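A short worksheet on the structure shown next.
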Amino acid sequence: MVVQKELFGESKHIEFKEEIPKKHEKFLKDIIAFANTSGGKTIVGIVDDTGEVVGLGDQNPFKLSDSISNMVSDACTPQINMEITPKTIGDKTVLEVEVFHGKYCPYYLTSVGKEKSAYVRVNGTSRPADARTLKELELMGQQLSYDTMREIGENYDSTAAKQLMDGMYQKAIDACRNESEREEVHPLTLAKLEDFGILCKDGKDYAPTHAYTLLTNPKDRNIKIQCALFKGMERDEFIDKKEFRGAVQDQVEEAYQFVLRHINMGAVIDGLYRHDVYELPTKSIREIIANACLHRSYMDSSSIQVSIYDDRLEVDSPGMLYDGLNITEALSGKSKCRNKAIAEAFQYMKIIEGWGTGLPRLFRQCRERGLPEPKFEEFGDGIKVTIYRRSDSEWVNGTTQSTTQTTQLPDGRKMSDVEIHIVDAMKENSKITQSQLATLLGIDINTVKYHVRSLSKNNVIERKGNNRSGEWVVLISDYTKWRQKYFDNAGTEDFQAAAIAYAKNNPS
């Protein structure tokens, strides 16, 4: 009788053994690797190459079970938690040795030492942990987060700390959708930064942690996001590429805007409203990029990569699933956080809504849009998230696929459709907020902020006064006349009507 590994669970977490090998290390390395990662099962009595069930022969399954328990207990440090159960397949008896993820990593062979025998699972195989992975296992076993550890060689700077607190507070305020949300955001204090793990105490004085450096000015050249648009479906020819460095929260926003510039946009008419809609769920894209920064291993020498192809978007981040988390648990919304201080900072700045929400939301939004199911997978010693694009010409609500259009002003400046709609709304209501613009246009508030910055930089609009009581000024004197020509060509009077109605109903 022949069986597949899937009979016992996810294949990469299953090992078949025809018998206990004479060199016990060959058997024990899988046991150790399962304990150091997300658990797994070794099935004794099945040929590995063929899946043929040969059973235990004349061996008593209960005596063999005791023998395996004693072998693991005597050879491995710390003690490994496992269950051994006889199973009947056809007329044969096998032993299922289930190993659970351990809380006291790293696990290793006592006689050999952890530097050479702390094994981990990578792509369905057991291999010795390298120095970086071993260090992560040690931190995990001590319940320590790398980003909350002291940044050696760096000193506390009160001015820089104040700038960080002010910057985080402003990001949190900017992300609020209404006044009640803004009232719930409180300015940061040094004590709160210490509570988050962004600062720590060195004696009586404050000192920066790794998280502080990541949120201000990362020193490691690999702490960046590499973004690329490729021609076709392979990594052969670049159309556009960028590398984003600096504070990790800024990297997230810049990578997100890179994606928005290179995916399709179409129009959806809802009554009087004309909404520009991206082909992919933008809120989920932003959270997936943020999660890549949040959950990546900052001890790894690799960088986050965001790749756009004709048929898909891929986000790759270094570092395997953390602290025993497996694919199934991650997809269900369970989360184990590798970088706890960064998580606290991102949640405060509203870059993420909550731990574990990103993947379930992504799958739901893709399903609602009729997109192929995304893919979430461990890829080597990293994680890959793939969001598939539509291959046909109609990709959202029956609208025809189109790319973002640009229109040239009389003086040569160019504006996208989104920017034209933003200026329309500002002309009708000079006090309209960016949150109201996001609601009106049906797009993410961060996208609105990106285009408002672009319009300001290009001297199309100007902000007079402060954020609460100020107003927008359109700097193009003949804009209304020029815009009428655009109406005639584009047929978008419905948006103007919506903007006028919205402005009247929302005067401030």
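If you go through the stretch 89-112 one residue at a time, do you hit one that is out of contact with any strand residue (DSSP E or B) (no Cβ under 6 Å at 6 or more places or on another chain) and assigned to a helix (DSSP H, G or I)? There is no residue in the stretch 89-112 that is out of contact with any strand residue (DSSP E or B) (no Cβ under 6 Å at 6 or more places or on another chain) and assigned to a helix (DSSP H, G or I).
Across the stretch 263-309, the qualifying residues are those that are part of a strand (DSSP E or B) and modelled with pLDDT of 95 or more, and the one among them that is farthest from I225 (Cα to Cα) is I308.
Quick check on T159: is it touching a strand residue (DSSP E or B) at 6+ places or on another chain (Cβ under 7 Å) and part of a helix (DSSP H, G or I)? No, not satisfied.
For the stretch 64-108, the candidate set comprises residues that are under 18 Å from L134 (Cα atoms) and among the hydroxyl-bearing types (S, T, Y); within that set, the residue that is farthest from the chain's Cα centre (by Cα) is T77.
The residues of the stretch 2-53 that are touching a residue at least 60 places away in the same chain (Cβ under 8 Å) and among the polar types (S, T, N, Q), listed by number, are S11, N36, T37, S38. With respect to the conditions (1) surrounded by fewer than 16 Cβ atoms within 10 Å (Cβ to Cβ); (2) polar (S, T, N, Q); (3) out of contact with any Phe, Trp or Tyr (no Cβ under 8 Å at 6 or more places or on another chain); (4) not assigned by TED's automatic domain parsing to the domain that holds D250, N81 lacks only one, and its number is (3).
Could you look through the stretch 314-340, keep only residues that are assigned to a strand (DSSP E or B) and either in contact with a helix residue (DSSP H, G or I) (Cβ under 7 Å, 6 or more places away or on another chain) or polar (S, T, N, Q) (or both), and pick out the one that is farthest from R261 (Cα to Cα)? Spell out how you get there, then give the answer.
To start, the set of residues in the stretch 314-340 that are assigned to a strand (DSSP E or B) comprises 314-318.
From what's left, either in contact with a helix residue (DSSP H, G or I) (Cβ under 7 Å, 6 or more places away or on another chain) or polar (S, T, N, Q) (or both): 315, 317.
Working: V315: 16, S317: 21 Å.
Once the filter is applied, the top-ranked residue is S317.
Which one is modelled with the lowest pLDDT, of the residues in the stretch 86-115 that are exposed (fewer than 13 other Cβ atoms within 10 Å of the Cβ) and among the small types (G, A, S)? Restricting to residues being exposed (fewer than 13 other Cβ atoms within 10 Å of the Cβ) and among the small types (G, A, S), the top hit is G90.
A single entry from S11, S65, S38, S69 fulfils the requirement of being among the polar types (S, T, N, Q), touching a strand residue (DSSP E or B) at 6+ places or on another chain (Cβ under 9 Å) and at pLDDT below 95: S38. For the stretch 161-180, the count of residues that are surrounded by fewer than 19 Cβ atoms within 10 Å (Cβ to Cβ), more than 23 Å from the chain's Cα centre (by Cα), acidic (D, E) and modelled with pLDDT under 95 is nonzero. Here T209 meets the list (1) within 24 Å of Q143 (Cβ to Cβ); (2) without any contact (Cβ under 8 Å) to a residue 12 or more places away in the chain; (3) of a type outside the set (G, A, S) almost entirely, failing just condition (2). Does E151 satisfy being in the same structural domain as F196 (by TED's automatic domain parsing), in contact with a strand residue (DSSP E or B) (Cβ under 7 Å, 6 or more places away or on another chain) and not hydrophobic (A, V, I, L, M, F, W, C)? It is true that E151 is in the same structural domain as F196 (by TED's automatic domain parsing), in contact with a strand residue (DSSP E or B) (Cβ under 7 Å, 6 or more places away or on another chain) and not hydrophobic (A, V, I, L, M, F, W, C).
If the condition is being assigned to a loop (DSSP other than H, G, I, E, B) and among the hydrophobic types (A, V, I, L, M, F, W, C), then the stretch 214-243 contributes I223, M233.
Which of the residues belonging to the stretch 54-66 are part of a helix (DSSP H, G or I) and free of Cβ contacts under 8 Å to residues at least 24 places away in the same chain? Result: K63, D66.
In the set (1) touching a Phe, Trp or Tyr at 6+ places or on another chain (Cβ under 9 Å); (2) over 25 Å from V418 (Cβ atoms); (3) surrounded by fewer than 20 Cβ atoms within 10 Å (Cβ to Cβ), K242 fails one condition alone, (2). Looking only at residues of the stretch 6-47 that are surrounded by fewer than 16 Cβ atoms within 10 Å (Cβ to Cβ) and of a type in the set (K, R), we find that the one that is nearest to R121 (Cα to Cα) is K26.
Residues that are free of Cβ contacts under 8 Å to residues at least 60 places away in the same chain and among the small types (G, A, S) within the stretch 168-203 comprise S180, A191, G203, listed in sequence order. For R312, the criteria (1) at pLDDT below 90; (2) out of contact with any Pro (no Cβ under 7 Å at 6 or more places or on another chain); (3) surrounded by fewer than 18 Cβ atoms within 10 Å (Cβ to Cβ) hold in every case but one, which is (1).
Looking only at the stretch 441-464, count how many residues are assigned to a helix (DSSP H, G or I) and surrounded by 17 or more Cβ atoms within 10 Å (Cβ to Cβ).
Counting residues in the stretch 441-464 that are assigned to a helix (DSSP H, G or I) and surrounded by 17 or more Cβ atoms within 10 Å (Cβ to Cβ) gives 11.
The values are calculated or read from the model by the stated rules, or taken from the named source; none is laboratory data. Because the structure is a prediction, the values reported are computed rather than measured. Cβ coordinates were reconstructed from backbone atoms using ideal geometry, including for glycine residues, and neighbour counts include every protein chain displayed.
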